[in-house]
Each structure stands twice: as structure tokens, then as C-alpha cells.
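Report on one structure; see the data block that follows.
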Amino acid sequence: MASSENVLEWPQKDKRRFLHAVYRVGDLDRTIKFYTECFGMKLLRKRDVPEEKYANAFLGFGPEDTNFAVELTYNYGVDKYDIGTGFGHFAIATEDITKLVETVRASGGKVAREPGPVKGGTTVIAFVDDPDGYKFEIIQRGPTPEPLCQVMLRVGDLERSIQFYQKACGMKLLRKKDVPDYKYTIAMMGYADEHETTVLELTYNYGVTEYTKGNAYAQVAISTEDVYKSAEVVDIVTKELGGKITRQPGPIPGLNTKITSFLDPDGWKTVLVDHVDFLKELGKA
Ligand SMILES: N[C@@H](CCC(=O)N[C@@H](CS)C(=O)NCC(=O)O)C(=O)O
């Protein structure tokens, strides 16, 4: 058996990538219309699972074997969810923030914050609400292969979370920014340049250690080449930093895709998905 020191090196050696963010919406067609018409996303795939009374739609800016996606879940008969206070936003990078925000406004969407420099910085941002009230930060940026560029979650102890995502998920701390004037610190965590790929933005608000989770946002999925080794590492790291494995590694009955899932120290869920099984699901392996 490998020493625990060697096992702990696995996440950094693994080939990882953010696959999708999973969350619940009250009306699939309403959200698909909003994301395609206002954000310019493509509808990538849809599946209905009547025996379990739910349906999914996947949307994004490129194919799922190269790009991040949103996986919308519609549960039959449920038209409203509580987003809670901990979930922050998804972000979309665009070359023309004014045009995007005007499209949202013209289609009846809510512009929660008009385009302008971020408080305490220079990047031009805006905030809009999607039909269920999920916040989308719109970021003015040059051309990028991944416009669906952030998932922001609030955490109660930034150092603990940075350690967790480095050790358990093999992410790098790409950037950290303290904004004392507005009493918060952010850490960008990910696998590659934040302008080229999706990143997890962790936000710590000074003095705030607890948030509500609601029942709307579910998890992010990340690819791995070995769910079993990955789960071994997560198990060790949760013992040190908190969090827990919620699904032991193995194939999902019926689908056969191997996954493992776990909670971070704040209770945010991550699912690691076998890379080859995922490509098979897409019909690309
Ligand atoms: N208190 C904020 C801290 C994070 C924050 O302020 N983030 C920046 C973006 S990195 C923001 O939303 N700025 C609002 C603005 O510039 O209007 C929160 O929890 O969302």
C-alpha cells in the first residue's frame, strides 16, 4: 500500500478539469430561453428521467468535452427553491458588457448592478439575476475559450478552504485579493489560468463564518482519472480540515459512470467524475 504521503500527491498529478455546476430551476424552458437569448449559451443536451420525476438540461459556450457547462435540474412540480446566503454567483465573461446587459433588460431580466468598475478595483462588471434569482456576474474581458468563467461560493474560513481545495481537489491558488475597504477577501482556485478556464472563487466576508445553503444550488463536478485514489485523498484531508465523503467511489447504478462525492468544511459539495466514463456519457469515448 502506498504511503499516505504519496497518496496525497495524487490530486496534483491527476488530470482534472471543471465539468459542470449542478443546480435546480423552477422551469427548464424559461431558463434555457434566458441563457440562450441573453447570455448566448448553447443548449448542449437534455434528458428526461420520468421514473425519477426529473429532467436535466446542459448549457454552455462549447462542447462538454472541452468547456464548462451548467446542468439544470427540474424536479417535476417544484417551481421554487431557496438559494440561501452562501451561494454567490456564476460569472460570464463578455467582450461587450453593455450589449449583454441591455439584452437582459430588454428581455425583462433584472439588472441588479449596472456595468462599471468593481468596487475597490478596475475590472468592469455587472450583476444580473436569472429567472430563478441566481446571480450572474458579467465581466468585461477580451476573447476567451471559456466565457462561463466562475462559480463563487462564500466560506467561513478562507485559509481552511484554500488548503482544502489544494489538498483534496488538487487546485492551485491562482490569485488572492484582500479588499479591506469592503471587508472581504477572495481566492481564485482552479486548474489553469482564470482567463482561460473556469475557476472556483471563494469569498470570505470579514467576521462571517456561517451561511445558509438553501436547496437550489447543488454542486460542481470535476473530472478525475481515478475516483478510488481521489476518494482516498479526500478521506485523509477531511479528517484534517473538515468536510466528509457523502458517496463512496464507485459506479452509479444504471449509468455505470464512476463518481465519488464529498462536502468541503463549509458543506459545499463536489463530485469527482471518472474522465473516461464521462466521455462515454457524451458518446465521445
Ligand atoms: N460582500 C461581498 C464580497 C464579495 C464582493 O464584493 N465581490 C465583488 C466582486 S469580486 C463584488 O461583488 N462587488 C460588487 C460591486 O463591485 O458592486 C459578497 O459576499 O458577495
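The values are calculated or read from the model by the stated rules, or taken from the named source; none is laboratory data. Quick caveat: nothing in here was measured; it's all calculated off a predicted structure. In this analysis, Cβ positions are derived from the backbone assuming ideal geometry, glycine residues included, and neighbour counts consider all displayed protein chains.
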Take residue 23 and tell me if it is assigned to a strand (DSSP E or B), at pLDDT 95 or above, within 13 Å of residue 130 (Cα to Cα) and among the hydroxyl-bearing types (Ser, Thr, Tyr).
yes
Members of the range 111-130 found to be buried (at least 18 other Cβ atoms within 10 Å of the Cβ) and part of a loop (DSSP other than H, G, I, E, B), listed by number
130
Given the condition within 21 Å of the chain's Cα centre (by Cα), in contact (Cβ under 8 Å) with a residue 40 or more places away in the chain and part of a helix (DSSP H, G or I), answer yes or no: does some residue in the range 219-230 qualify?
yes
Failed item in (1) farther than 28 Å from residue 24 by Cβ; (2) away from the ligand (no atom under 16 Å from the Cβ); (3) in a loop (DSSP other than H, G, I, E, B), with residue 239 passing the rest
(3)
Tell me, yes or no, whether the range 245-259 has at least one residue that is surrounded by fewer than 18 Cβ atoms within 10 Å (Cβ to Cβ), closer than 19 Å to residue 71 by Cα and modelled with pLDDT of 95 or more.
yes
Across the range 99-110, what is the total count of residues that are touching a residue at least 60 places away in the same chain (Cβ under 8 Å), touching a Gly at 6+ places or on another chain (Cβ under 9 Å) and either more than 10 Å from residue 138 (Cβ to Cβ) or exposed (fewer than 12 other Cβ atoms within 10 Å of the Cβ) (or both)?
1
Which numbered condition in (1) among the basic types (Lys, Arg); (2) part of a helix (DSSP H, G or I); (3) under 25 Å from residue 237 (Cβ atoms) is the only one that residue 16 fails?
(2)
If you scan the range 151-162, which residues turn out to be surrounded by 24 or more Cβ atoms within 10 Å (Cβ to Cβ) and either farther than 19 Å from residue 272 by Cβ or more than 16 Å from the ligand (Cβ to nearest atom) (or both)?
155
Please find, within the range 163-192, the residue that is surrounded by the most Cβ atoms within 10 Å (Cβ to Cβ) out of those that are within 12 Å of the ligand (Cβ to nearest atom) and hydrophobic (A, V, I, L, M, F, W, C).
187
When residue 47 is evaluated against the numbered criteria (1) over 27 Å from residue 192 (Cβ atoms); (2) at pLDDT 95 or above, which criterion, by number, is the only one it fails?
(2)
Going by what's in this entry, would residue 5 be described as surrounded by fewer than 21 Cβ atoms within 10 Å (Cβ to Cβ), on the phi < 0 side of the Ramachandran plot and modelled with pLDDT under 95?
yes
Return only the number of the condition from (1) surrounded by 15 or more Cβ atoms within 10 Å (Cβ to Cβ); (2) away from the ligand (no atom under 13 Å from the Cβ); (3) small (Gly, Ala, Ser) that residue 91 does not satisfy.
(2)
Among residues of the range 161-190, those that are in contact with a Gly (Cβ under 7 Å, 6 or more places away or on another chain), touching a residue at least 24 places away in the same chain (Cβ under 8 Å) and either of a type outside the set (Asp, Glu) or not in a helix (DSSP H, G or I) (or both), counted
5
Going through the range 131-150 one residue at a time, which ones are hydroxyl-bearing (Ser, Thr, Tyr) and either farther than 18 Å from residue 196 by Cα or surrounded by 19 or more Cβ atoms within 10 Å (Cβ to Cβ) (or both)?
134
Within the range 193-209, can you find the residues that are within 13 Å of the ligand (Cβ to nearest atom), surrounded by fewer than 18 Cβ atoms within 10 Å (Cβ to Cβ) and either of a type in the set (Asp, Glu) or closer than 20 Å to residue 118 by Cα (or both)?
205, 206
In the range 93-110, what residues are part of a strand (DSSP E or B) and within 28 Å of residue 180 (Cβ to Cβ)?
93
Can you confirm whether residue 81 is assigned to a loop (DSSP other than H, G, I, E, B), away from the ligand (no atom under 16 Å from the Cβ) and of a type in the set (Phe, Trp, Tyr)?
yes
